[in-house]
Amino acid sequence: MSSKKEANQYDKIFKENLESVTLALVEKVLHIEVANYEKVTVDLQRTLERKPDQLLKITDKQGQTFLLHLEFQLVDEADMVYRMIEYRSILMRKYKLEVRQYVLFLSDTVPTMSTRIEQYGLIFFFDLVRLSQVNYTLFLSSDQADEVVFAVLGHFGNTAPQEAAQQILDRLTQTSPNSLELNRHLQQLRILANLRKLTPFIELMIDSITQYIKEEDDFLFKKGEQKGERKGKAEAILKFLKDGVLTTQQLVSYFDVTEEFVEELKKSLQP
């Protein structure tokens, strides 16, 4: 996959999920206690090559009001510091407010970009946050699937990658409101997982699940969902149990059945 196509895929995911995850990022990752906020929409493209990824006007719980500027960065861009100071000068001039800037670095590599300029009459800096150093459970514990999917970019600590991936898949199943959204989030997870260079085992697990959970291609699932028949659901669940790609909890959430129902089907497969 070309780096440009790859970057476009990541950009698409952040645009799709940004509205849901912004406040969580601000509070959980940047540790800003928000009293109230509003999204700021501003057209700076006449002046700049590209508009800011996210711009918020925030009043924190200490009563301070400021602009929060977020950039989501995949590439370790050598000139990033110059782009950030350009944003800042234009935003300060336009809004006459303090501007706080953060670059959220998505790759698991160690960035070498400069974050500071010190010259005669000028001291400038922005904060660089590596998501690969943020505890993945901050995202995993969310009730919003749009947020949970970003757990794969976090730091797994002492948790084995295979176990962390399974936890994320389970949580996505629990928090996605319907099968269509679950499929969308699993596709997002598959793409974001590339940033962590996950082991072939984990990639295979994600491949298996995204292959099966597509209602437009799964005849048995369609049969169970459209007819609402217990028999149709049983046949579909038996197929998943035989292939061993979904946990009991995932099957319970996805097919809207009881755990006892799945366990009974498991027993029917025993010799």
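Every number here is computed from the coordinates shown, using simple stated rules; none is lab data. If you're wondering where the values come from, they're calculated on a predicted model, not measured in any experiment. Positions of Cβ are backbone-derived with ideal geometry, glycine not excepted, and every protein chain shown enters the neighbour counts.
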Counting only the backbone N, which residues of segment 58-85 are under 16 Å from the spot 7 Å out from the Cα of Asp11 toward its beta-carbon? 71-77
How would you rank 180-193, 154-167, 249-262, highest first, on the average number of other Cβ atoms within 10 Å across their residues? 180-193, 249-262, 154-167
Sorted from largest down, what three extents in whole angstroms do the Cα atoms of segment 131-186 have along their principal axes? 32, 18, 15
Counting DSSP beta bridges in segment 1-155, what percent are antiparallel, to the nearest 5? 55 percent
Separation between the Asp127 and Glu86 pseudo-spin-labels, each 7 Å from Cα along Cα→Cβ, expressed in nm? 2.5 nm
Where N is the number of residues in segment 79-119, Cα Rg divided by 2.2 N^0.38 Å: 1.35
Classify segment 1-138 as rounded, prolate or oblate from the Cα gyration tensor: take a ≥ b ≥ c as the square roots of its eigenvalues, call it rounded if a/c is under 1.5, otherwise prolate when a/b beats b/c and oblate if not. rounded
